[in-house]
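Everything below concerns the one structure shown next.
The values are calculated or read from the model by the stated rules, or taken from the named source; none is laboratory data. Computed from a prediction, not measured in an experiment: that's the story for all the values here. Heads up, the Cβs are rebuilt from the backbone with ideal geometry, glycines too, and the neighbour counts pull from every protein chain shown. Surface areas here come from the heavy atoms of the whole protein model, side chains and all, with no ligands, DNA or RNA. Shrake-Rupley method; radii C 1.70, N 1.55, O 1.52, S 1.80 Å.
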Amino acid sequence: MIARDARWWARWRRVDDAAEPARRAGASMAVHLHAGTRLPAVHLQIMLASVPLAVMWVWNSGYQLRHATQGVGAVSVPDWRNLWLPGAQAADWMIGMAQFLPLLATSLACVLVLEMLFAAVRRRAVEPGWMVPAWLFTLLLPAGVGLSQAMFAMGFGLVFGKLIFGGAGKHLVSPALLGGLYLRTAHPEAFVTAPAGGVVSAELMQTAWERLADGGVAALQAAGIGWMELFVGQEASAFGATSALACLLGAAFLMWSRAVAWRILAGGMLGLVAGVWLLGMLMPASPVLTAGWHWHAVLGAFAFGLVFLAADPGCTPLTRGGRWFLGGAAGALAVAIRVLDPAHPDGVLQAILLAALFAPLADHLAVWRAARRRRRREEAWP
Amino acid sequence: MTHYLGIIFDAMFTGNLALTYLLGMCTFLAVSRRVGTAVGLGLAVIAVQSLTVPLNQLLFERLLTPGALAWAGLPEVDLRFLKLILFIGLIAALVQVLEMILERYVPRLHAALGVYLPLLTVNCAILGASLFMVQRDYSGLESAAFGFGAGAGWALAVVGFAAIRERLVYSDVPAGLRGLGLAFIVAGLMSLAFSGLAGLGG
């Protein structure tokens with residue numbers, strides 16, 4: 001018994017000790033980090049920046065579920081998690097919490113077990129920022145996702161997005177994004193028409209994206225969703241990812257603390273505007289394009305994807321050109337997938353993955369161009 | 001015009017030979033360690049595809065389809081079963097010519113591509129494009145557009161893949177996964193990303 005306790009204690013020490021040198025030296029973990037300064041600090045900043053999103057997740061999912069259930073005449077969701085709740089405004093928070101906490105706990109447990117497993121087998125320390133993928137992944141989930149679904153998706157994202165590459169700064173794309181994409185591919189139904197135990201009307205829980213794809217902005221406004229509602233994040237979708245306002249706050253903080261590369265965010269907005277403008281000329285009849293770029297920027301998970309997934313400091317492109325490319329391609333592709341493929345769930349995650357996988361090529365070209373420029377300058381110099 | 005651009009776009013993105021159909025994987029994995037070589041290979045594939053698909057289409061239409069030999073007094077002959085042999089023969093001949101040209105004018109690229117250049121003869125992406133051409137009933141111009149698009153899509157995939165593999169040199173990969181193992185996983189991730197584009201085509 002004692003031996004077993006000692007083993008677990010040693011495992012936990014490995015998690016805790018990992019943060020220690022960084023805590024003392026401050027900059028020792030920064031070797032592979034491409035943006036920002038110190039790895040633990042950057043991870044903490046990302047967690048802080050996304051706190052408004054978590055607040056929105058909790059409140060919004062409760063709000064949406066309560067309203068959807070009232071729409072079919074039920075007082076509250078007949079589910080063991082909230083049978084005891086009063087049907088008042090305050091219940092929004094409690095309903096949301098009851099949805100959020102189990103998902104967060106599952107993701108965190110999954111990540112911790114996998115990180116410790118890899119650390120033990122590979123004889124390396126667990127990274128101080130191990131919580132961040134689980135946290136961001138949970139924000140990306142719609143309420144009502146099964147815990148096992150969340151666990152498998154998180155495990156896939158973490159192992160194939162981060163652990164096999166050797167951790168932060170060495171991987172290609174945000175593990176939270178890969179987890180979300182796994183869930184999207186394996187269980188697409190979780191992302192359209194947010195489920196809630198099958199008791200609420202599907203029509204009321206339709207995501208803003210589905211409404212827009214069906215009937216343009218008019219359909220959104222008919223459902224009582226204006227630009228302001230989308231900006232604040234009062235829409236049924238991946239609940240933590242809907243609030244552009246919270247993302248804006250987070251982005252401002254992250255840029256101020258220089259944890260993310262601002263060129264990715266600026267490039268993303270430019271790509272979005274350019275994509276809407278260009279596709280608007282090619283396909284003027286599309287219902288999706290009745291919404292201008294300011295609608296697309298606040299719809300669905302776009303803002304969240306840009307700030308927290310595309311600009312993940314663990315895999316930022318190394319060159320300025322690469323950063324502009326990553327943001328611009330992600331923004332333009334997100335619009336392109338929305339306009340050309342309205343039958344499927346919102347394609348922001350695929351757009352970011354595609355842009356991130358071609359970012360090394362953009363880096364390569366930027367380096368090649370810089371080298372050529374320097375060579376020419378040196379040749380011109382007598 | 002839009003029609004042909006649509007065919008090129010579909011062949012490059014929604015039906016990318018390497019990442020949607022997973023064709024030509026042997027060359028894709030083998031000649032993607034360096035971006036420079038991958039660019040050369042990509043250009044070779046574009047050249048071969050743009051030539052073989054329309055030429056194969058011409059041969060198929062003029063010699064193999066039922067009734068094609070009516071001018072020789074054989075209107076009821078149907079030689080479509082010969083298409084594999086004919087396509088491979090034409091591809092082999094073209095690759096030979098390409099190899100001679102490269103050896104004469106770009107010997108460095110010729111050496112870098114090594115055995116994989118003659119292997120383009122039996123590359124399934126190249127034969128696959130010609131077979132898709134038959135399956136989708138493309139006309140002469142359509143097959144030229146499709147051949148170019150298919151080659152360009154494959155080239156784009158292999159160059160992007162090579163850039164990723166160059167960066168992965170700096171990663172800390174478990175010993176058992178180094179090299180081809182990780183390459184397979186990254187190719188899978190790229191394929192997952194391209195699956196998002198699968199709904200874009202008409």
>> Of the residues B:L86, B:L74, only one is part of a helix (DSSP H, G or I) and not aromatic (F, W, Y); which?
In response: B:L86
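Would you mind finding the one in B:S139, B:S195, B:S191 that is open to solvent by 40 Å² or more (accessible area, probe 1.4 Å), under 20 Å from the mean Cα position of the chain (by Cα), within 13 Å of chain A (Cβ to nearest Cβ) and touching a residue at least 12 places away in the same chain (Cβ under 8 Å)?
Values: B:S139 fails: within 13 Å of chain A (Cβ to nearest Cβ); B:S191 fails: open to solvent by 40 Å² or more (accessible area, probe 1.4 Å).
Only one candidate qualifies: B:S195.
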> What are the residue pairs meeting all of these: first residue in the range B:1-30, first residue of a type in the set (V, I, T), second residue modelled with pLDDT under 90, Cβ atoms under 6 Å, and 6 or more apart or on different chains?
Replying inline: B:T14/B:L197; B:T14/B:A198; B:T14/B:L200; B:T14/B:G201; B:T20/B:F194; B:T27/B:Y116; B:T27/B:N123
> Which of the residues belonging to the range A:327-382 are in contact (Cβ under 8 Å) with a residue 60 or more places away in the chain and not in a helix (DSSP H, G or I)?
Replying inline: A:P342, A:A343, A:H344, A:P345, A:D346
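Among the helices (runs of 4 or more DSSP H) lying completely within the range B:1-63, list those that include at least 3 residues that are over 21 Å from B:E99 (Cβ atoms).
On the way: elements: B:2-9, B:25-30, B:35-59.
It comes to B:2-9, B:35-59.
Restricting to the range A:335-346, name every residue that is out of contact with any Pro (no Cβ under 9 Å at 6 or more places or on another chain), open to solvent by 10 Å² or more (accessible area, probe 1.4 Å) and of a type outside the set (D, E).
Within the range A:335-346, the first condition is being out of contact with any Pro (no Cβ under 9 Å at 6 or more places or on another chain), and the residues that meet it are A:335-341, A:343, A:346.
So of that shortlist, the ones also open to solvent by 10 Å² or more (accessible area, probe 1.4 Å) come out as A:336, A:340-341, A:343, A:346.
Result: A:A336, A:L340, A:A343.
Table: residues versus (1) open to solvent by 20 Å² or more (accessible area, probe 1.4 Å); (2) more than 27 Å from A:Q45 (Cβ to Cβ); (3) part of a helix (DSSP H, G or I).
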residue	(1), (2), (3)
A:C247	no, no, yes
A:A259	no, no, no
A:A266	yes, no, yes
A:A274	yes, yes, yes
A:L289	yes, yes, yes
A:H294	yes, yes, yes
A:L318	yes, no, no
A:R323	yes, no, yes
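Here is a yes/no grid of residues against (1) open to solvent by less than 20 Å² (accessible area, probe 1.4 Å); (2) out of contact with any helix residue (DSSP H, G or I) (no Cβ under 8 Å at 6 or more places or on another chain); (3) at negative phi:
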{"position": "A:W277", "(1), (2), (3)": "no, no, yes"}
{"position": "A:L299", "(1), (2), (3)": "yes, no, yes"}
{"position": "A:L306", "(1), (2), (3)": "yes, no, yes"}
{"position": "A:L333", "(1), (2), (3)": "no, no, yes"}
{"position": "A:L353", "(1), (2), (3)": "yes, no, yes"}
{"position": "A:H364", "(1), (2), (3)": "no, no, yes"}
{"position": "A:R374", "(1), (2), (3)": "no, yes, yes"}
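In the list A:A168, A:A150, which residue meets the criterion of being outside any loop (DSSP other than H, G, I, E, B), more than 10 Å from chain B (Cβ to nearest Cβ) and not basic (K, R)? Quick ask: steps written out before the conclusion?
Numbers: A:A168 fails: outside any loop (DSSP other than H, G, I, E, B).
Matching residue, one of A:A168, A:A150: A:A150.
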>> Based on this model, can you work out whether B:R108 counts as out of contact with any strand residue (DSSP E or B) (no Cβ under 6 Å at 6 or more places or on another chain), open to solvent by 70 Å² or more (accessible area, probe 1.4 Å), over 14 Å from B:A44 (Cβ atoms) and in a helix (DSSP H, G or I)?
In response: no
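For the condition over 13 Å from B:M190 (Cα atoms), at pLDDT below 90 and under 15 Å from the mean Cα position of the chain (by Cα), what is the one hit in B:L41, B:L23? Talk me through it step by step, then tell me what you get.
Details: B:L23 fails: at pLDDT below 90.
Answer to the check: B:L41.
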> Restricting to the range A:171-192, what's the tally of residues that are open to solvent by 10 Å² or more (accessible area, probe 1.4 Å), touching a residue at least 60 places away in the same chain (Cβ under 8 Å) and more than 10 Å from every other protein chain (Cβ to nearest Cβ)?
Replying inline: 3
>> As an exercise: evaluate B:E166 against (1) more than 14 Å from chain A (Cβ to nearest Cβ); (2) touching a helix residue (DSSP H, G or I) at 6+ places or on another chain (Cβ under 7 Å); (3) surrounded by fewer than 21 Cβ atoms within 10 Å (Cβ to Cβ) and give the number of the one condition it does not meet.
In response: (1)
> For B:V186, which of the numbered conditions (1) touching a residue at least 24 places away in the same chain (Cβ under 8 Å); (2) more than 10 Å from every other protein chain (Cβ to nearest Cβ) fails to hold?
Replying inline: (2)
> Quick one: B:G160 ticks every box in (1) away from every other protein chain (no Cβ under 14 Å); (2) touching a helix residue (DSSP H, G or I) at 6+ places or on another chain (Cβ under 6 Å) bar one, so which box is it?
Replying inline: (1)
> Restricting the range A:99-144 to residues that are open to solvent by 20 Å² or more (accessible area, probe 1.4 Å) and among the small types (G, A, S), which is farthest from A:V42 (Cα to Cα)?
Replying inline: A:G144
>> For the list (1) within 14 Å of another protein chain (Cβ to nearest Cβ); (2) modelled with pLDDT under 90; (3) touching a Leu at 6+ places or on another chain (Cβ under 9 Å); (4) in a helix (DSSP H, G or I), I need the number of the one condition that B:A155 fails.
In response: (2)
